[in-house]
Amino acid sequence: MSIVRPKFITFDCYGTLTRFRMADMTRAIFADRIEAGRMDEFVKLFASYRFDEVLDQWKPYEDVVKNAIKRACARWGVPITDAEAQSYYNAVPTWGPHPDVPEPLARVAKEFPLVIYSNAANSQIMHNVELLGAPFHKVFTAETAKVYKPRLAAFEYMIDNLNCSPDDILHVSSSLRYDLIPANQMGIKNKVYVNRGHDESSPAYGYHEIADLSGLPAIVGL
């Protein structure tokens, strides 16, 4: 494996660093309304609607989340209250890192400036970042940029604000759809796929694949 020495290591936050728990919440909230054998299908539909909600012009992340769960429920004819929909958004800033994240993240932070571009709201993200336990050079949000990943304008915003080129970045994510495919389209050659089971591996997109963040230090020669 060739060692990468980037100017910046850029990250997706939710799902990659922070344990994203919307599936867990869905299983708990709808346990009395959806058969256990069909729950996985409903969870995937909710995730698909979240993806669909960010493909158009920017809207508040609260609307993204609430629209997505309400659309999933409408599709299946499942009741949901406004309070239940709101609970998803309210829970996001309370979520902490995956267990494998803090130690290797702190190790690479000693030698490389760390950057996040997140689809989060400004009022949420710093609570999650603080729980990661490592210093970050920059934290960009879709709310500030007014564009969500996977739109290429999100990556343009990050690159322009870092005043660097795509070759200067090592981008790390657990999502091909939101991050690694558009990063590849933007000419970011150095990428890491943290395979947390969110997407099927697609090596044609030219990334290093690791099972969890403990594999990242070796990629940058630590």
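Just one of the numbered conditions (1) basic (Lys, Arg); (2) farther than 30 Å from His137 by Cα; (3) within 15 Å of the chain's Cα centre (by Cα) is not true of Arg50; which one?
All conditions pass for Arg50, except number (2).
Consider only pairs whose beta carbons are under 7 Å apart and that are at least six residues apart or on different chains; among these, list those whose first residue lies in the stretch 17-35 and is in contact (Cβ under 8 Å) with a residue 12 or more places away in the chain and whose second residue is charged (D, E, K, R).
Ile29/Glu84
Quick one: which helices (runs of 4 or more DSSP H) sit completely within the stretch 75-185 and have at least 1 residues that are in the same structural domain as Ala47 (by TED's automatic domain parsing)?
82-91
Among the residues of the stretch 52-69, count how many are crowded, with 17+ Cβ neighbours inside 10 Å and assigned to a helix (DSSP H, G or I).
Total meeting the criteria: 8.
Looking for something assigned by TED's automatic domain parsing to the domain that holds Lys138 and in contact with a Lys or Arg (Cβ under 7 Å, 6 or more places away or on another chain) - is there at least one such residue anywhere in the stretch 10-20?
Within the stretch 10-20, one or more residues are assigned by TED's automatic domain parsing to the domain that holds Lys138 and in contact with a Lys or Arg (Cβ under 7 Å, 6 or more places away or on another chain).
The rows are residues; the columns are (1) farther than 21 Å from Leu222 by Cβ; (2) modelled with pLDDT of 95 or more; (3) surrounded by fewer than 23 Cβ atoms within 10 Å (Cβ to Cβ); (4) under 17 Å from the mean Cα position of the chain (by Cα).
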site	(1), (2), (3), (4)
Pro99	no, yes, yes, yes
Ile116	no, yes, no, yes
Ala145	yes, yes, yes, yes
Lys149	yes, yes, no, yes
Val192	no, yes, no, yes
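Being among the hydroxyl-bearing types (Ser, Thr, Tyr), closer than 12 Å to Tyr117 by Cβ and part of a loop (DSSP other than H, G, I, E, B) is the filter here, so list the residues in the stretch 1-24 that pass it.
Thr16 - this is the single residue of the stretch 1-24 that is among the hydroxyl-bearing types (Ser, Thr, Tyr), closer than 12 Å to Tyr117 by Cβ and part of a loop (DSSP other than H, G, I, E, B).
The values are calculated or read from the model by the stated rules, or taken from the named source; none is laboratory data. Quantities reported herein were computed from a predicted structural model and do not represent experimental measurements. For neighbour counting, all protein chains shown are included, and Cβ atoms are generated from backbone atoms with ideal geometry for every residue, glycine included.
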